[in-house]
């Protein structure tokens with residue numbers, strides 16, 4: 001296998017990305033996205049990255065520090081990027097970043113809006129923790 005292909009496969013196994021548009025029903029009366037909505041997106045995409053790496057189901061066990069850096073508004077396009085940063089015996093720690101883009105906003109339309117760390121545990125068919133690599 002070529003080095004380029006190996007690097008691509010490792011990236012695919014450890015990173016997941018998705019896009020979401022912010023609609024008015026996910027915002028407060030001022031047009032800012034609810035924090036819980038953004039956290040839900042982070043958890044969803046983070047769990048995809050963890051499950052992809054573990055090759056088995058995962059559950060969320062912890063949400064570390066989450067920082068909301070700039071407001072996310074109705075109409076923003078969000079790119080949620082999740083990367084597996086650490087793998088323990090049964091756990092996976094995932095760094096999740098949320099970038100926002102504002103259409104028609106000039107040259108500086110993309111910005112890191114939110115980031116945080118989430119921890120997942122791989123589970124077996126009975127819902128018990130199971131080794132990630134086993």
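None of the figures in this text is laboratory data; all of them are computed from the coordinates on show. Since this is a predicted model, take the numbers as computed values, not measurements. Methodologically, a virtual Cβ is constructed for each residue, glycine included, from the backbone with ideal geometry; neighbour enumeration extends over all protein chains shown.
Judged by the mean number of other Cβ atoms found within 10 Å, the most tightly packed of the peptides 57-69, 80-92 leads the ranking 80-92, 57-69. Go ahead and estimate [θ] at 222 nm for the chain from helices alone: -39,500 (n - 2.57) per DSSP H run with n ≥ 4, summed, over the residue count, rounded to 500. Mean residue ellipticity at 222 nm (helix-derived): -8000 deg cm²/dmol. Going by neighbour counts of Cβ atoms within 10 Å, the residues 17, 128 line up, fewest first, as 128, 17.
Computed from the Cβ-Cβ distance with R0 of 41 Å, the FRET efficiency linking residue 65 to residue 125 stands at 0.80.
Remark: 72, 123 ranked as 123, 72, counting other beta-carbon atoms within 10 Å and listing the fewest first.
Taking the inverse of the mean 1/r over every pair of distinct Cα atoms in the chain gives a Kirkwood hydrodynamic radius of 15.8 Å. Do you know the relative contact order of the range 3-122, to the nearest whole percent, from alpha carbon pairs under 8 angstrom that are 6+ apart? Rounded, it is 30 percent for the range 3-122. Rounded to the nearest 10 degrees, the angle from helix 3-14 to the longest Cα principal axis of the chain is 80 degrees. Against the main long axis of the alpha-carbon atoms of the chain, helix 35-54 sits at an angle near 30°. Sorting 30, 39 from the fewest to the most surrounding beta carbons within 10 angstrom yields 30, 39. Report note on the peptides 45-52, 114-121: ranked by the mean count of other C-beta atoms within 10 Å, highest first, their order is 45-52, 114-121.
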